[in-house]
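K.L.:
Before anything else, here's the structure in question.
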Amino acid sequence: MSPEKPSDPRETKEFKELNGLINAFIACIPKEFKDPVGVTTGAKLDPTLYVAHLLPHMAMITLHDPHANVYSANDASARELLLAARMIMELIYSVCGTAFDLLYLDHTSSTAWFLAGAALIRFLAAKTAQGDEVEAAILMEELNAVK
């Protein structure tokens with residue numbers, strides 16, 4: 001008799017491994033490549049490195065989005081989804097604070113920005129439905145950067 005598979009995919013060994021690999025990738029970015037925009041180093045924006053910083057957060061959103069209960073503060077996928085969206089938002093804020101012409105960014109950037117915006121909209125809808133005006137206002141402010 002074979003062991004029962006968990007009904008929640010997040011409980012599977014494979015899901016946990018994928019989640020861990022994404023986090024390990026982020027943690028393994030060498031110190032000298034941690035700032036793709038050059039804010040802390042004074043270097044010029046590196047479009048390829050910028051995309052390399054976006055990709056793990058895109059993967060995290062893609063992994064957790066179908067399972068996230070954005071109405072629950074205790075849902076692990078919702079927390080991971082919001083964190084990944086906000087990490088992409090940080091990268092948007094950073095690149096928009098430069099004189100770099102966004103037309104020269106890889107098209108992957110706009111896909112990442114879309115994923116982050118879509119995730120934030122899910123949380124905004126949930127907070128609005130729950131009557132949490134403070135969190136809804138914060139999310140609206142974050143979304144304004146993606147417009």
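No value in this document is a laboratory result; all are computed from the given coordinates. Everything numeric in this text was worked out from a predicted model, so none of it was measured. Ideal geometry is used to build each Cβ from the backbone, glycine not excepted, and the neighbour counts take in all protein chains shown.
K.L.:
Kindly identify the range 96-147 as rounded, prolate or oblate by the Cα gyration tensor criterion: order the square roots of the eigenvalues as a ≥ b ≥ c, call it rounded if a/c is under 1.5, otherwise compare a/b with b/c, prolate if a/b is larger, else oblate.
P.N.:
It comes out oblate by the Cα gyration axes.
K.L.:
Next question, about the same structure. Considering the options His53, Tyr71, Asn144, tell which one lies farthest towards the positive end of the dipole of the range 24-147, charges being +1 on Lys and Arg and -1 on Asp and Glu at the Cβ, about the Cα centre.
P.N.:
His53
K.L.:
With a ≥ b ≥ c the root eigenvalues of the C-alpha gyration tensor of the range 5-68, is it rounded (a/c under 1.5), prolate (a/b larger than b/c) or oblate?
P.N.:
prolate
K.L.:
Additional query: So for the range 1-135, if I pair up every lysine 8 or more residues apart or on another chain, how many of those pairs have alpha-carbons under 30 Å apart?
P.N.:
Taking the range 1-135 as the scope, the lysine pair count is 8.
K.L.:
Which value in deg cm²/dmol, rounded to the nearest 500, describes the helix-derived mean residue ellipticity at 222 nm for the chain, given -39,500 (n - 2.57) per DSSP H run of n ≥ 4 and division by the residue count?
P.N.:
Calculated at 222 nm, the ellipticity per residue is -20500 deg cm²/dmol.
K.L.:
Out of every Cα pair in the range 1-128, what percent are spaced more than 18 Å from each other?
P.N.:
Every Cα pair in the range 1-128 considered, those over 18 Å come to 57 percent.
K.L.:
Please sort by residue number the trypsin sites (Lys or Arg not before Pro) in the range 1-107 whose DSSP state is loop and whose Cβ has at most 12 other Cβ atoms within 10 Å.
P.N.:
Counting only loop positions with at most 12 other Cβ atoms within 10 Å, the trypsin sites (Lys or Arg not before Pro) in the range 1-107 are Lys34, Lys44.
K.L.:
So, one more: Rule-of-thumb check for the range 67-116: C-alpha Rg over 2.2 N^0.38 Å?
P.N.:
Working it through for the range 67-116, the quotient is 1.39.
K.L.:
Taking the Cα atoms only, what angle lies between the long axis of helix 76-96 and the longest principal axis of the chain, rounded to 10 degrees?
P.N.:
Long axis of 76-96 versus the principal axis of the chain: about 10 degrees.
K.L.:
Moving on to the next point. Return the distance in nm (one decimal) between the two label points of a simple spin-label model at Tyr104 and Ile26, each offset 7 Å from Cα along Cα→Cβ.
P.N.:
2.9 nm
K.L.:
What chymotrypsin sites (Phe, Trp or Tyr not before Pro) in the range 70-147 are in a loop by DSSP, with at most 14 other Cβ atoms within 10 Å of the Cβ?
P.N.:
Tyr71
K.L.:
Calculate one ³J(HN,Hα) per residue across the range 24-32 by plugging θ = phi - 60° into the Karplus curve 6.51 cos²θ - 1.76 cosθ + 1.60, and present them in order as whole Hz with x for glycine and proline.
P.N.:
Going residue by residue, I get 5, 4, 4, 5, 8, 5, x, 3, 6 Hz, with x marking Gly and Pro.
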